[in-house]
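**Student:** If you scroll down you'll find the structure; I have some questions about it.
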Amino acid sequence: IFGRYLMQDCVGRWLDRYPLLRAVDVTMKGKGFRIFFLLRLSPIIPFNALNYMAGATAITFKDYTLSLIGLLPGTILYVFVGASAGSSMEHDMHGDEVDSGKSSGHLMTVRITSIVIGVVTGVLGVVAVSCYAKKELNKIIAEDEERDQEHESDTIAAVEDDEAAEQV
């Protein structure tokens, strides 16, 4: 709300001054959900910065809200790691009085192995999704730059045609 309503004039001046920011704003109108969903998948970008960016750009409230689904993979990973660590600590503190000897050691090995496999798989999943998100964002930026260059060359051609018509 702060970025959307209170900072709109300041953002408008930045958009006028920096064409790249204007391109981002225009892209947010058309592809806001896709871009924000991909940005939400990346755990590297601070979510506070994304929220201010959403408030300052032309992304619709619907696209912004739906893009929050992109938070789920990272959140699930964090919950799994926390629950696994808690379970492991609880087991170490209380132990299993029912099982003794070799059976208890085997259960502990299975538990540790499953935790390690789960954490590694979760981390690999988040890394893979982040790489895909970066690739897609780069593709969107390249498409926008290509469209801007085509628009610029069309504008130059129209000006040249106007100048040629004036000379005749």
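**Student:** Taking region 61-71 as the search range and keeping residues that are within 11 Å of the chain's Cα centre (by Cα) and surrounded by 16 or more Cβ atoms within 10 Å (Cβ to Cβ), which one is nearest to Ala128 (Cα to Cα)?
**Tutor:** First, the residues of region 61-71 that are within 11 Å of the chain's Cα centre (by Cα): 67-71.
Then drop every residue that is not surrounded by 16 or more Cβ atoms within 10 Å (Cβ to Cβ), which leaves 67, 70.
Values: Ser67: 18, Gly70: 14 Å.
Step by step, filter region 61-71, then rank; the result is Gly70.
**Student:** Tell me, which residue of region 1-60 that is touching a residue at least 40 places away in the same chain (Cβ under 8 Å), within 16 Å of Leu137 (Cβ to Cβ) and of a type in the set (D, E, K, R) is least open to solvent (accessible area, probe 1.4 Å)?
**Tutor:** Ranking the qualifying residues of region 1-60, first place goes to Lys31.
**Student:** Just the residues that are under 15 Å from Thr27 (Cβ atoms) and either open to solvent by less than 40 Å² (accessible area, probe 1.4 Å) or among the hydrophobic types (A, V, I, L, M, F, W, C) (or both), please, taken from region 134-158.
**Tutor:** Glu136, Leu137, Ile140, Ile141, Ala142, Asp144
**Student:** From the residues in region 80-117 that are of a type outside the set (Phe, Trp, Tyr) and under 25 Å from Phe37 (Cβ atoms), which one is modelled with the highest pLDDT? Steps first, please.
**Tutor:** Taking region 80-117 as the starting set, the residues that turn out to be of a type outside the set (Phe, Trp, Tyr) are 81-117.
Still in the list and also under 25 Å from Phe37 (Cβ atoms): 81-82.
Working: Val81: 76, Gly82: 79.
Of everything passing the filter in region 80-117, Gly82 is modelled with the highest pLDDT.
The values are calculated or read from the model by the stated rules, or taken from the named source; none is laboratory data. This structure is a prediction, so every number in the text was calculated from the model and none was measured. Cβ sites come from the backbone with ideal geometry, for glycine too, and all protein chains shown count toward neighbours. These accessible areas exclude ligands, DNA and RNA; they are computed on the full protein's heavy atoms, side chains included. Shrake-Rupley method; radii C 1.70, N 1.55, O 1.52, S 1.80 Å.
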